[in-house]
Amino acid sequence: MVNLSLQEMLRRLPPELQTEVRDFVEFLLERKLARQRRPMKFQWEGALKDMRSQYTSVQLQHQIADWRGGYNEGSA
């Protein structure tokens, strides 16, 4: 059974399970296409421009790491 092609395995399933497989494959294809079509959004762009004189990008990276639970150099 391990060496069967996908088509052969599908043919051996009863019709109701074949329909279930078809529905699942359609779902996977739709999800893949939805991910491909989505353009990147930069809604956050420029949101911190008022803080340019207060913080460097490195300082902001460290702050974000702290908010996410800290940065552990041993795990990098």
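The values are calculated or read from the model by the stated rules, or taken from the named source; none is laboratory data. Note that the structure is a prediction, hence the values are computed from the model and not measured. Counting neighbours? That spans all protein chains shown, and the Cβs are built from the backbone with ideal geometry, glycine included.
Taking into account only those residues within the range 66-76 that are in a helix (DSSP H, G or I) and modelled with pLDDT under 85, which is surrounded by the most Cβ atoms within 10 Å (Cβ to Cβ)?
Result: TRP67.
Looking only at residues of the range 32-63 that are surrounded by fewer than 10 Cβ atoms within 10 Å (Cβ to Cβ) and outside any loop (DSSP other than H, G, I, E, B), we find that the one that is farthest from the chain's Cα centre (by Cα) is ASP50.
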